[in-house]
1. Select from region 149-182 the residues that are hydroxyl-bearing (Ser, Thr, Tyr) and either out of contact with any Pro (no Cβ under 7 Å at 6 or more places or on another chain) or open to solvent by 10 Å² or more (accessible area, probe 1.4 Å) (or both) and write down the one among them that is modelled with the lowest pLDDT.
2. Looking at (1) assigned to a loop (DSSP other than H, G, I, E, B); (2) modelled with pLDDT under 90; (3) at negative phi, find the lone condition where GLY208 falls short.
3. Quick test of your reading of the structure: PHE74 fulfils all but one of (1) modelled with pLDDT under 95; (2) open to solvent by less than 20 Å² (accessible area, probe 1.4 Å); (3) of a type outside the set (D, E, K, R); (4) out of contact with any Gly (no Cβ under 6 Å at 6 or more places or on another chain). Name the failing condition by number.
4. Considering only region 101-112, I want to know if a residue exists there that is among the aliphatic types (A, V, I, L, M) and within 13 Å of LEU166 (Cβ to Cβ).
5. Return the residues of region 1-19 that are in a loop (DSSP other than H, G, I, E, B), touching a residue at least 12 places away in the same chain (Cβ under 8 Å) and hydrophobic (A, V, I, L, M, F, W, C); say none if nothing qualifies.
6. Any idea which of VAL121, VAL185 is open to solvent by less than 40 Å² (accessible area, probe 1.4 Å), over 18 Å from the mean Cα position of the chain (by Cα) and either of a type in the set (Val, Ile, Thr) or at pLDDT 85 or above (or both)?
7. Return a yes/no flag: does region 42-56 have any residue that is modelled with pLDDT of 95 or more and either of a type in the set (A, V, I, L, M) or buried (at least 19 other Cβ atoms within 10 Å of the Cβ) (or both).
8. Looking at (1) out of contact with any helix residue (DSSP H, G or I) (no Cβ under 6 Å at 6 or more places or on another chain); (2) among the hydrophobic types (A, V, I, L, M, F, W, C); (3) open to solvent by less than 70 Å² (accessible area, probe 1.4 Å), which is the only condition LEU59 fails?
Amino acid sequence: MPDEQPVRLHCFAHSAEGVSVFDHWAASVGPGVRPLPVLLPGCAPRRGEPRVTTQRALLADVLPRFTGPDQGPFVLYGHGFGAMIALTVARALHEAGLPGPALLAVGAWPPPRLPAALPDVRRATDAELLHVLGGRGAVPAGSDEGIWLRAVLPVLRADLALAQSLHEAARRPGPQGPLTTPVLVVASQDNPLAAPRAGEGWQRWTRGPVRSRTVPGRHFFVRGGRELPRLLGRACRVVRRLTPEPAPVG
């Protein structure tokens, strides 16, 4: 209906520096959907704040935006390690008995129960980290390695430290059991970090249905194209039709 609140699509990027990938989404998701990129500390205009590197610090910063007055159903999308942030938020709301997302969408990331695809950032040298990330397609093509090391690697180290903390927390069973939230897994054929078949493992994290979709591209398929925001926009409109009232817990 015209007077309905739009479905809020909260978007978590693959890196604290990566929220600009969602800049064009408002024009691509279609009607009735409002994309809301989530800015973490350390990302402009929050560049002066310390980066979060633990689950506790992340939830202290992010969770309040989901605990205010209800404005209808919302959806979480996380790309790359942003998928772990989205899962962490959904689980925290579930454990607190608060209304959770009507849909959890994750892209380009394997489920937490699979072996970690990336090296232990607490032990890897800069050269080791760059070699592994480059081989797995996690370094943008055409990057100057020297410039990339100086400008991006310190940021990536903080992101990977957070990702490790979230993976460790996710592997601990919650007292409320799995989510009940439907999960949409978006993968690409040419992503060595998360092949399409890895999507099957997400079923462990919810009692709700899990659906998989495959789009063109490698790890950074979130960039540029319209296929992903259009896919999520359609999913949000389905959510609106199926969830006219506030989303159930989980």
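1. SER165
2. (2)
3. All conditions pass for PHE74, except number (1).
4. Checking region 101-112: at least one residue is among the aliphatic types (A, V, I, L, M) and within 13 Å of LEU166 (Cβ to Cβ).
5. ALA13, ALA16, listed by residue number.
6. Residue meeting the stated conditions: VAL121.
7. Taking every residue of region 42-56 in turn, at least one turns out to be modelled with pLDDT of 95 or more and either of a type in the set (A, V, I, L, M) or buried (at least 19 other Cβ atoms within 10 Å of the Cβ) (or both).
8. (1)
The values are calculated or read from the model by the stated rules, or taken from the named source; none is laboratory data. Because the structure is predicted, anything quoted here is derived from the model rather than measured. As a convention, Cβ positions derive from the backbone with ideal geometry for all residues, glycine included, and neighbour counts pool all protein chains shown. For the accessible areas, the whole protein counts, side chains as well, though only heavy atoms, and no ligand, DNA or RNA atoms are used. Shrake-Rupley method; radii C 1.70, N 1.55, O 1.52, S 1.80 Å.
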